[in-house]
Amino acid sequence: MRSSLVCSPGVGTRRCRRRSWAMVSVLQYAEGLTDRQAADAVRGRLDWKYCLALELNDFGFDASVLSEFRGRLVTGEHGDRLLARVLQVLSEHDLLGPGGRQRTDATHVIADIRLLNRLELVAETMRAALEALAAAAPGWLAAHTALD
C-alpha cells in the first residue's frame, strides 16, 4: 500500500505531497520534534493521521524526506509561495489578525528577559534560604510552612 502522503498518481501529486510535508513540518515545529520523531508520529499517532487525512494503516515515510523537503523550500521560491498560501488560508478563516506596526527594536525583549532573570534570581535565593533553614532548624520550618 502506498502512503497517502504520496497521494495518488497523476495531476496534483507533487502539490499534494508538498502540502502534506508542509503540514507535517508545522506539526513537527509545534511539538518540537526531530525529523525521526515526526516521521514516527505520522506512522503511529491518530491525531497526526487525522490531521493529515491518512488511512489508519498508512506506513508514513522516511525521516529524510522532511530534510529534503526543507532543502527544496530554501533553494527555490517555494517557501515564499507556501508562506503566502498559509497566510491566505489563515486570513480566509479569520485566524490572522490585521497587520500592525512592527517593532524593530529589541528593548521590550531585553526588558522581559531582565524581568525573568530577576524572578529566577529571587526564586533561587528563596530556595537556597529554605534549604539552609531546613538544615539548621527543621522543626521551625515544619511548624511555619503549610503542606497543601
**Study point:** About the Cα centre, charge dipole magnitude for segment 105-148 (Lys/Arg +1, Asp/Glu -1 at Cβ), debye
**Key:** 140
Review point. Could you state the principal axis extents of the C-alpha atoms in segment 23-106, from the largest down, to the nearest angstrom?
Key: 46, 29, 26
Revision key, fill the gap. In nm, the gap between the two label points placed 7 Å beyond Cα toward Cβ at residue 131 and residue 68 is 5.1
Review point. According to the Cα gyration tensor, what semi-axes, each the square root of 5 times an eigenvalue, does the equivalent ellipsoid of segment 57-144 have, listed from largest to smallest in whole Å?
Key: 50, 24, 15
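A short reminder: the numbers here are calculations on the coordinates, not readings from a lab. These numbers were taken from a predicted model, which means no experiment stands behind them. Here Cβ is always computed from backbone atoms with ideal geometry, including for glycine, and neighbour counts include all displayed protein chains.
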